[in-house]
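Encoded as C-alpha cells, the structure appears first; notes follow it.
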Amino acid sequence: MHVSSRAPLLLMFLIVAMAPWAASQNALTASAVIPKYNLTNEIRARGIVVDTDDRLLLISSGLGLHLVLKSDDGTLEVHCTTTRFVNHYKLIF
C-alpha cells in the first residue's frame, strides 16, 4: 500500500517535468517559417524530362511528384503537384 500511495505523486512529478519539453516542441513547430512564393525567383526552363520521383513534402506532409529536367543549363528538380492529384486525374508523364 505504501508504494501505491506514491504513484500519483510520481505521475504528477513526471507531468510537471515533461511540461517544458512539450511546450518547446510545440514552439518549434509553430516557429517553422513556411517560405512565401517570390515571383523574382521564378525561372523558365526548357529541356527533357529524364526522371520522375514521388517524394515526401515537408510542408504538407504528403507525397509530391517531382520531375528531373535536363536542360542546356544543367539538371533541375521541379516540384509539380501532389501525388494524390496525379493519381486522381490519372496523369501520365
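The values are calculated or read from the model by the stated rules, or taken from the named source; none is laboratory data. Since we're looking at a predicted model, the values are computed, not measured. Using ideal geometry, Cβ is built from the backbone for each residue, glycine included, and neighbour counts are taken over all protein chains shown.
For this structure, a couple of remarks:
- Among the residues of the stretch 37-72, the ones that are closer than 15 Å to ILE92 by Cα and among the acidic types (Asp, Glu) come to 3 in all.
- Lone qualifier among SER4, SER61, SER24, SER31 - being polar (S, T, N, Q), at positive phi and modelled with pLDDT under 85: SER61
- Selection of first residues in the stretch 72-93 that are within 16 Å of ILE48 (Cβ to Cβ) and of second residues that are among the small types (Gly, Ala, Ser) and part of a loop (DSSP other than H, G, I, E, B), restricted to Cβ pairs under 7 Å at least 6 apart or on distinct chains, gives the following pairs, ordered by first then second residue: LEU76/ALA45.
- The set of residues from the stretch 63-77 being out of contact with any Gly (no Cβ under 8 Å at 6 or more places or on another chain) and surrounded by 14 or more Cβ atoms within 10 Å (Cβ to Cβ) comprises LEU63, GLY64, LEU65, HIS66, LEU67, VAL68.
- Of all residues in the stretch 39-60, those satisfying the criterion of being surrounded by fewer than 11 Cβ atoms within 10 Å (Cβ to Cβ) and over 19 Å from the mean Cα position of the chain (by Cα) are LEU39, THR40, ASN41, GLU42, ILE43, ARG44, ARG46, ILE48, VAL50.
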